[in-house]
Structures are given as C-alpha cells and as structure tokens.
Amino acid sequence: RTGYALVREAVGGLMDEAPEPVLEAVVAGLAAGREPAWIDAHGLRAWRSGDFIHVDLHLGVPRYLDADALHEIDERIARIVASAVASPNETIVHFDPCRPRQCPSCRVRDCPIREAAFVRAAPFTRESVTRRDEVLETGEPLPAGAPAPASGALAFVSLGSNLGDRAAHLRDAARSLAATPGVTVLARSRVYETDPVGPPPQGPYLNAVLKLRTTLTPAELLSRLLAVEQEHGRERGAERNLARSLDLDLLDYDGRVVASEREPALELPHPRLHERGFVLEPLAELAGDRRHPGLDVPYATLAARVRDPAAVRLHDGRKGGSPWPSSP
C-alpha cells in the first residue's frame, strides 16, 4: 500500500484509523479548494476517537507569510475538512516554509523571493498528500534517496566523542569525511566540551559541527556517517545516551524535511536538533542565520533559547588536545 496513513490502536478501540472515505473526502476538498500559496501538502493523517475525527496535515507555504496569513489558511483548511467530514472534527495544520528548490512548483505570482520560474504544480492526490515526504520541484515525492542538486547540497553533520582519545576521534572522522568522494568539508566549528546526558559514570563529550557540500543523497551520506562510526568502534542499536567513541548525526541536508523508515532510517532535520545545546552552539557558529526547516527559526535563536554555559563550554585544546590542529 502506497502513501502514509496513521493507524492508531488504543485500549477498547477508542482510537482507530479513520475510514478511507474520510481521507478521500479530505483530499478531494483540499484539491478543489487549493490556493496558489499551497505549494505542496504531505503527511496527511486522519484518525477517529469515538465520534470525533482528528486530521493532521503538513502544508508547504511561502516562507515570508506572516501570522495573519497563516491563520487565514488554517481556518480555510479547517472549513474544507469540516465540509468533508460528517462528524465533529479537529484539524491541525503544520506549516512548512518553502525552499528555493520548490520555486518551479509554486503558483504565487510576483513572489518576492522567487529564484526560478513556475513549471508545474505539485499534485494533490491521495498518494501524494498522505506521503510523509516533501515533494521535489517536479511534483514527484522526495524520498531520502532523492538526488542532490547538480552543484551539491549543503549539509551539516555533528560530531561527538567521550571515550578514548576524543580529539583524535573527531579529527579522524573529519578527515574520513573529507576523503569521501562527493563530499567537501567547507568549514568546522570550534570544539565544545559538554556534560554527558546519559547514566554515570561518563566523562564529558567533545562536540563540533562540520559544514559540507555533497553530491551524495541524504541516504548515501547517512550510510557513510554510520560506516565512519563503525570504523571507530561504534555499535548502533545500543541504549541511548551511553558513552561512545564517536557519534555522527546528519542535522540538516539542504533544508529538506524527510522521514524515511527504510534502512538506514532517516529523519530530517534531526528530530532532537532544536533542544540540544551541544549541537546548536557549534551549528550556530557556522549557520546562525540558517532557519530550522521545520520550525522556521534561525539556529542562532534556537541556540540562545537552550544556552547553558556551564554545561556546554568551549574546549581548551591545551587540555587533552585539539581536533583541529591543522586542515582535515
């Protein structure tokens, strides 16, 4: 079965997947009432709780829209759902800010941030709207394996270590990535020493972020990160927050929002990125003005919200060595 429909099972059957006709009616209503600013729709879910129907939807919109404009869209979609569902209902719309690659599928005239001409609108069909992915500018689903732009995609990778020679692990990982075909290391953040989150006893981490340009797909880049981890003795699947020789996470890939359950499972942006000071501090150094793809908030702002100088502090390379004594 293609597409993505949330199935919820609860005690007593109080929460169940909404009947297919409900999804079909909602999709038909969205397609009929579509407005130019609705660039794409994805991640549609519908489920029943007693006599109540819940609908959840991601909608791609121009990133410059203000709160009033988004509120109007939210109310418009709520009315569409209400007319399509013959039951008490609740609709939650998640607004995803547009990216330059979506310009060819955006129908907004005189767009102040347009970087490419309109070509063809993304489809609003049962299959496309229920997918968990965004869509490419061609209107096709954007899986984890979608190709990078011809010029390469910007990606940000976090590095962490609190076992063995921490500085050496980070340095070797950066060199391994720099030597990977299709990957260029553009910049490195400063190194931070951070208190461990997991159970004691654990030593502090060294953390940093790399800015890359890559022609690898998100899935290919993630596979490469996992391989580099394994080269340093990391075993994925162990209990979260345990000490580790090397931890590499793909934080942001070209501003894409991806959810793939294929192996290796991939979610972009990293699902806990917005709450991790030890990642946000070095990321904000390299891309403070860049906006979180899901929250549409600059990384510098997110870093300021969770900043704790006592827990995340600059590493003194004179004590334990620095990972960056020279170019990777």
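Quick note: the coordinates plus some simple rules give every number you see, no bench work behind them. Keep in mind that what you see is a predicted model, and the values were worked out from it rather than measured. Cβ: placed from backbone, ideal geometry, glycine included. Neighbour counts: every protein chain shown.
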Given points 7 Å out from each Cα along the Cα-Cβ axis, report the Asp56 to Ala304 separation in nanometres with one decimal. 3.1
What FRET efficiency comes out for Ala187 versus Glu24 if R0 is 51 angstrom and r is the Cβ-Cβ distance? Round to the nearest 0.05. 0.60
What shape does segment 153-314 have by the C-alpha gyration tensor, where a ≥ b ≥ c are the square roots of the eigenvalues, rounded means a/c under 1.5, and otherwise prolate means a/b greater than b/c and oblate the rest? rounded
Gain in length, Asp195 to Ile113, computed as 0.36 nm per residue apart minus the alpha-carbon separation, to one decimal in nm? 25.4 nm
Relative to the present Cα-Cα distance, how much length would full extension add between Glu72 and Asp316 at 0.36 nm per residue of separation? 82.7 nm
Least to most buried among Trp47, Trp38 (fewest other Cβ within 10 Å first): Trp47, Trp38
Please give the net charge around Arg291, taking every other residue with its beta carbon less than 12 angstrom from that of Arg291, where Lys and Arg add +1 and Asp and Glu add -1. -1
Where a ≥ b ≥ c are the square roots of the eigenvalues of the C-alpha gyration tensor, would you call segment 11-129 rounded, which needs a/c under 1.5, or, failing that, prolate if a/b is larger than b/c, or oblate? prolate
Relative contact order %, segment 11-129, counting alpha carbon pairs below 8 Å whose residues are six or more apart: 31
What full-extension length gain, to one decimal in nm, is calculated for Ala168 and Glu127 as 0.36 nm per residue of separation minus the Cα-Cα distance? 10.0 nm
Out of residues 5 or more away from Ala41 or on other chains, whose amide H comes under 5 Å of its own, with H placed 1.01 Å from N in the peptide plane? Gly60
